[in-house]
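Novice: Have a look at this one.
The values are calculated or read from the model by the stated rules, or taken from the named source; none is laboratory data. Not measured: the values here are computed from a predicted model. Here the Cβ is made from the backbone with ideal geometry for all residues, glycine too, and neighbour counts use every protein chain on show.
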Amino acid sequence: MYYADILKLCGWEEDQMVREKPRLDEAFRILGLGPDEMKIAEGRVREGYDIDLMGVRKALGVWIGGLIDVVLSKTEGKKTVYYSFPPLGGLGGRISAMGKGEILCVCPEFILDIALGAIFDRIDPIMETGEEKALPPGRALCALNKIRIGAIAKGIIPAPDLLLASSYYCDQGGQTDEWLHEVYGVPWVVLDNVMDSAWDEFPTLNPERLSYMAAEIENAWTEAAGILGQKPDEKDWGEYAELYSRFVAGIAKTNSAMKADPPPISQSNLQLVRFLRNATSYDRFADAVEAIDTLIPELAQRVKKGTGPLPKGSPRVTSFLIPQRDHEVAHLIEKAGIAIPVTFLSYDAYTGMLDPTYTTIAEKSAQTELSRGLYHSTSAILYWTKKAVEDFDLDGVLWSQPIHCRPMASSGFVLKKAIEEELGIPVLILEVDWYDNRIFSGESMRTKIETFGHLLAARKSKGKTNKEGN
Amino acid sequence: MDTLESLDIHLKNRARELEGLKAEGHKIIGYYPGGYVPEEIILSCGAIPVGLHRGGEHEPVLIAGAYLPRWIDTFCRSQIGFKVLGGEPTYDLIDLFVVPVTDNNVRIMADAWEFYRLGEIFKFGVPHRKTERALNYYLHGIHAFKEKMESLSGGKATEESLNEAIVLCNRERELFRKISLMRKSGSLSLTGKDFIRLLHASLWLDKRAMVETLESLIREIESQEIQPRFGPRILLTGSTLAYGDGKIINLVEEAGGKVVIEHFAEGLRYYWDDVALDGNPMEALAEAYFQRRITPAWFRPSREMRDFLIKLAGEFSIDGVIWYGLMYRDSYTVQSTLFPKILKDATGLSTLVIESDYDVQEVGPLRTRIETFIEMIRG
C-alpha cells in the first residue's frame with residue numbers, strides 16, 4: 001500500500017486501511033494520486049500541521065476519508081446530495097440522517113479544497129477546468145464554485161442526485177448550482193432568504209425574516225425527501241443529533257482552551273477540526289467526533305503546561321478564518337509572533353442568545369444561522385468581532401478579506417473603521433483568497449504581517465489594551 | 001423631434017424644480033432603480049420619487065474605493081461615489097434613499113451608505129423565488145415602506161391615493177409600451193439612444209410631465225412619414241444601463257447597428273406590465289412589482305430571464321444580441337457565460353459579451369469589438 005505512510009500519519013489504523021483497501025485503491029486511481037503524490041502530501045502534512053497532536057492527525061484522516069467517500073459515492077450505490085458552502089440550517093445533517101449508509105450529503109468543494117488542495121496540493125487543475133467550463137478567471141469568481149464544477153466535469157466526483165442550493169447568501173453559489181442543474185440535469189432544491197436587516201437591528205432578529213427562513217428550510221427538507229424517496233428515520237435522526245451535540249460541545253471546549261495564554265494550538269489546525277462538521281456525511285461523522293474528543297485532553301495538557309505554538313504574552317488577534325489552502329499564511333502570522341485564539345467562525349457566544357421559544361427544528365436552525373451573524377448582516381459580523389475582542393482580551397484584528405467573495409466584501413472596510421475608532425486597537429486587512437492560492441501567496445504578505453506583529457508587540461509592551469485606545 | 005427638444009428643457013429645469021418643491025416641504029425620495037420600488041407609494045404620500053441612476057464616469061468609481069472594495073458591481077460603487085462627491089442634484093436633494101435589497105452588490109452598497117452615514121436609508125427585502133411565501137415577504141416589506149413614507153412625509157397612502165398613483169403610473173407604462181412595441185417594425189424614426197433617453201428621464205422627471213411628453217411624442221411619431229431604417233437590429237441587455245453611460249449605445253449606432261429593444265434593471269421591467277386596479281392596491285403592487293416582474297439574473301431559477309430574452313429576440317426580429325455587463329455583478333457574469341450558447345441553439349443568433357468598469361480607456365477596444373460584431377451579423 002503506497003499510501004500507508006500518509007494515512008498512518010493522518011491517524012488511520014492499520015486494520016482500517018486493510019478493510020478499506022479496495023476503496024482506497026479505486027479512489028486514489030480516480031484522483032490520479034500515486035506514490036509521488038503521497039510523498040508530497042506527507043511533506044505538506046509534516047510541515048503544515050501540528051502532528052504532535054493525535055486529534056489533528058485524526059482530523060486530517062477524516063478529511064481524506066471524506067474525499068474517498070465522495071469520489072466513490074455513486075459507484076457504491078449511495079444517493080448523493082451536494083450542498084453549497086457555507087451550509088445552511090443544518091440541512092445537510094438532516095438529510096444525511098434520513099438514510100444512514102444510503103445517503104451521502106456533503107459540501108464536496110470544501111472536502112476537495114482541504115483534502116486534495118491543502119494536503120495533496122492537486123487542486124489547481126480542477127479549478128482551471130471550472131474556469132474553462134463556466135466561471136471564467138479575472139472576474140473575481142469564487143474558487144469553491146470553480147472546484148465544484150471542475151471536479152464534476154473532470155469526473156473526479158460524480159454528478160449528484162440532488163443539489164441543495166442557497167439563493168440568498170451567495171449569488172455565485174446559486175448560479176453554480178443552477179448551471180449544474182441545467183448542464184447535468186440534476187434536480188435542485190433552493191433555499192431562499194433576504195439579507196435586508198437594518199444596520200442596528202442585531203442582536204435582535206427580525207421575526208419575519210426568521211420565519212421566512214424557517215419555512216424555506218422546512219420546504220427544502222420536504223422537497224429533498226420527496227426527490228430522494230426517503231422518509232425521516234427517527235432513530236437515525238436521534239443518533240445523529242446526539243453526535244452533533246457532542247461535536248458542538250467539543251468545539252466549545254476547544255474554544256475555552258484557546259482563552260489560555262498562550263493558546264495551546266494554532267488556529268489553522270483547530271479550524272481543520274472544527275470544519276469537519278461542514279464536510280463529513282453521517283457515515284463518517286462519528287470519526288469527526290472522535291477526532292475532537294481526542295484533541296480536547298491534548299489541549300488541556302498543553303494549557304496545564306502553559307505551552308503552545310507561541311510564547312506566553314504574545315499579542316492576540318482575531319480573524320474571520322485562516323486561509324487553509326496555503327499553510328504559509330498561518331505560518332507567517334505565527335512567525336510574526338501573533339496568536340489567533342479565536343476567529344469569527346469559531347466564536348460561539350451566539351449560543352447564549354438563542355431564544356428557547358422557537359421549537360421546531362427548522363425554526364431552531366434558522367435562529368442559529370441568523371444568530372451566528374454571518375448570514376444576518378455585515379453589522380452582525382462587526383457585533384461578534386467586537387464581543388470577541390472583549391471575551392478573548394485581544395490586542396488587534398487581522399482580518400483575512402476574501403477578494404472573490406461578494407457576501408463578505410464590505411466586512412474589512414467596516415471592521416477597520418469601527419474597531420479602530422471604537423475599541424482603539426489596530427486592524428490589518430489582508431486581501432486573500434481562502435481557497436485558491438494561485439492569485440496570492442503568503443510571501444507577498446510578509447511585510448504587512450511582520451510590521452503588524454511589531455506594532456502589536458510594541459503596544460503590548462507599553463501595556464496598551466483595547467480599552468485604552470491608541 | 002420637437003418633443004425630445006422640450007424633454008431636454010424639462011430635464012435642464014428639473015433640479016431647480018426639485019429645490020423649489022423641497023423648499024415647499026415636499027419630501028424627495030431617492031430610490032435604487034431596478035423595478036422593485038413601487039413609485040406609487042411615494043406619490044400617494046405626496047412625495048417625489050427620483051431614481052438614483054447616475055453612472056458611466058470613472059471618478060465616482062475611484063472615489064468609492066475608500067468606502068467599498070473594488071470587486072463590487074461598478075454601478076453600485078458609482079452610487080457611493082456620486083453621493084460622496086456631491087454636486088449631483090438628485091443625490092444631494094434626497095430626504096431618504098430607498099433600497100430594495102436584491103443581491104449582494106446592492107446589499108453591500110446599502111451597507112456602505114448606512115455605515116458611513118451618507119444619508120437616511122430604508123431597506124426592504126426582495127426574495128429570489130416566485131412563491132406565495134416570497135410574495136408575502138415582499139408585501140410585508142412594501143407595507144413597512146408605506147409606513148415609513150407616511151411617517152416621513154406626513155401624508156397618508158390611502159386606497160384612493162394609491163389607486164390614483166397607480167392610474168398615473170399605468171398610463172406612463174402604457175405609453176412606454178406603445179412606443180417600445182412600435183420598434184418591432186423597421187420604420188420607427190426614434191433611435192435606441194432616444195428611447196433610452198426617455199427611460200432615464202422617467203426616473204427623474206415629474207410623472208405627469210413625463211406622461212405628457214410621451215403622449216406628445218407618440219402624436220409626433222404617428223404624424224410622421226414612415227421611412228425604413230437600415231442596419232442590423234440589436235437587442236441590448238445586461239444588468240444596468242445608467243444615465244451617463246452612453247458609450248455602448250453610441251458605439252453601436254456609430255457602427256451602423258440599431259438598438260431596437262433593451263432589457264436592463266431599469267426600463268422594460270417597469271413598463272412591460274400594468275398594476276391591477278380591481279383589488280387591494282398594496283397587494284396589486286406586490287403582484288405586479290414582484291410576482292409578475294420579469295426576473296433578473298439573481299432570481300432562482302434565472303431561466304425565466306433568458307427565456308424572455310429569447311422571446312424578445314424573436315418578436316423584435318433581432319439580428320444579434322449585445323450583452324453589456326458591469327464588472328463583478330456575479331449573477332450576470334455567470335449568465336453571460338451560459339446565454340450565448342442557449343440563444344444560438346434556440347435562434348441561431350450570435351451574442352457579443354462585453355464588460356465595463358466605467359473606464360474611458362475601454363472605449364477603443366470596445367469600438368473594435370462592436371464594429372466587428374456589427375459587420376459580422378450584417379453578413
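Novice: Within the stretch A:112-150, track down each residue that is in contact with a Ser or Thr (Cβ under 8 Å, 6 or more places away or on another chain) and small (Gly, Ala, Ser).
Specialist: Passing the criteria: A:Ala134, A:Gly150.
Novice: Output the number of residues of the stretch B:303-335 satisfying the condition of being at positive phi and either hydrophobic (A, V, I, L, M, F, W, C) or within 14 Å of chain A (Cβ to nearest Cβ) (or both).
Specialist: 1
Novice: Somewhere in the stretch B:336-344, is a residue of a type outside the set (A, V, I, L, M), under 21 Å from the mean Cα position of the chain (by Cα) and within 10 Å of chain A (Cβ to nearest Cβ)?
Specialist: Checking the stretch B:336-344: at least one residue is of a type outside the set (A, V, I, L, M), under 21 Å from the mean Cα position of the chain (by Cα) and within 10 Å of chain A (Cβ to nearest Cβ).
Novice: So, one more: Could you look through the stretch B:124-152, keep only residues that are more than 21 Å from the chain's Cα centre (by Cα) and of a type in the set (Ser, Thr, Tyr), and pick out the one that is nearest to B:Ala297 (Cα to Cα)?
Specialist: Among those residues, the one meeting the criterion is B:Thr131.
Novice: With respect to A:Val183, is the statement that it is within 14 Å of another protein chain (Cβ to nearest Cβ) and surrounded by 21 or more Cβ atoms within 10 Å (Cβ to Cβ) true?
Specialist: Spelling it out, it is not the case that A:Val183 is within 14 Å of another protein chain (Cβ to nearest Cβ) and surrounded by 21 or more Cβ atoms within 10 Å (Cβ to Cβ).
Novice: Identify, please: which residue in the stretch A:133-157 is surrounded by fewer than 22 Cβ atoms within 10 Å (Cβ to Cβ) and at pLDDT 95 or above and is, among those, nearest to the other protein chains (Cβ to nearest Cβ)?
Specialist: Let us first name the residues in the stretch A:133-157 that are surrounded by fewer than 22 Cβ atoms within 10 Å (Cβ to Cβ), namely A:133, A:136-139, A:153-155.
Restricting the remaining residues to those that are at pLDDT 95 or above gives A:153-155.
On the way: A:Ala153: 14, A:Lys154: 18, A:Gly155: 21 Å.
Among those that are surrounded by fewer than 22 Cβ atoms within 10 Å (Cβ to Cβ) and at pLDDT 95 or above, it is A:Ala153.
Novice: Examine the stretch B:92-100 for a residue that is more than 14 Å from every other protein chain (Cβ to nearest Cβ), free of Cβ contacts under 8 Å to residues at least 24 places away in the same chain and not in a loop (DSSP other than H, G, I, E, B), and state whether such a residue exists. Give the steps one after another, and end with the answer.
Specialist: Keep residues of the stretch B:92-100 that are more than 14 Å from every other protein chain (Cβ to nearest Cβ), which gives B:92-95.
Going one step further and asking which of them are free of Cβ contacts under 8 Å to residues at least 24 places away in the same chain, we end up with B:92.
Those still in the list that are not in a loop (DSSP other than H, G, I, E, B) too: B:92.
Scanning the stretch B:92-100, I find at least one residue that is more than 14 Å from every other protein chain (Cβ to nearest Cβ), free of Cβ contacts under 8 Å to residues at least 24 places away in the same chain and not in a loop (DSSP other than H, G, I, E, B), so the answer is yes.
Novice: Given the options A:Asp283, A:Asp261, name the one that is surrounded by fewer than 21 Cβ atoms within 10 Å (Cβ to Cβ), in a helix (DSSP H, G or I) and of a type outside the set (Ser, Thr, Tyr).
Specialist: Details: A:Asp261 fails: in a helix (DSSP H, G or I).
So the residue among A:Asp283, A:Asp261 that is surrounded by fewer than 21 Cβ atoms within 10 Å (Cβ to Cβ), in a helix (DSSP H, G or I) and of a type outside the set (Ser, Thr, Tyr) is A:Asp283.
Novice: It is to be established whether one or more residues within the stretch B:230-237 are in a helix (DSSP H, G or I) and in contact (Cβ under 8 Å) with a residue 12 or more places away in the chain. So that I can check it myself, show each step before the final result.
Specialist: Just the residues of the stretch B:230-237 that are in a helix (DSSP H, G or I), to begin with: none.
No; the residues of the stretch B:230-237 include none that is in a helix (DSSP H, G or I) and in contact (Cβ under 8 Å) with a residue 12 or more places away in the chain.
Novice: Take the stretch B:148-206 and flag every residue that is among the basic types (Lys, Arg) and surrounded by fewer than 17 Cβ atoms within 10 Å (Cβ to Cβ). Break it down stepwise before answering.
Specialist: Taking the stretch B:148-206 as the starting set, the residues that turn out to be among the basic types (Lys, Arg) are B:148, B:156, B:171, B:173, B:177-178, B:183-184, B:193, B:197.
B:Lys156, B:Arg177, B:Lys178, B:Lys184, B:Lys193, listed by residue number.
Novice: What number of residues within the stretch B:61-75 are hydroxyl-bearing (Ser, Thr, Tyr) and over 22 Å from A:Gln172 (Cβ atoms)? Spell out how you get there, then give the answer.
Specialist: If we filter the stretch B:61-75 for residues that are hydroxyl-bearing (Ser, Thr, Tyr), which is where we start, we get B:67, B:74.
Retained after the next criterion (residues that are over 22 Å from A:Gln172 (Cβ atoms)): B:67.
Total satisfying the criteria: 1.
Novice: Here is a further query. Can you tell me how many residues within the stretch B:280-302 are within 14 Å of chain A (Cβ to nearest Cβ) and charged (D, E, K, R)?
Specialist: Within the stretch B:280-302, residues that are within 14 Å of chain A (Cβ to nearest Cβ) and charged (D, E, K, R) number 1.
Novice: Test each condition in (1) part of a loop (DSSP other than H, G, I, E, B); (2) surrounded by fewer than 23 Cβ atoms within 10 Å (Cβ to Cβ) for B:Val37 and report the one that comes out false.
Specialist: The one condition B:Val37 does not meet is (2).
Novice: While we're looking at this one, here's another question. Which of the residues belonging to the stretch B:41-59 are touching a Leu at 6+ places or on another chain (Cβ under 6 Å) and outside any strand (DSSP E or B)?
Specialist: B:Ser44, B:His53 - these are the residues of the stretch B:41-59 that are touching a Leu at 6+ places or on another chain (Cβ under 6 Å) and outside any strand (DSSP E or B).
Yes/no matrix, rows are residues, columns are (1) in a loop (DSSP other than H, G, I, E, B); (2) within 24 Å of B:Arg70 (Cα to Cα); (3) among the small types (Gly, Ala, Ser):
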position	(1), (2), (3)
A:Gly130	no, yes, yes
A:Leu135	yes, yes, no
A:Lys146	no, yes, no
A:Tyr168	yes, yes, no
A:Ser197	yes, yes, yes
A:Glu201	yes, no, no
A:Tyr212	no, no, no
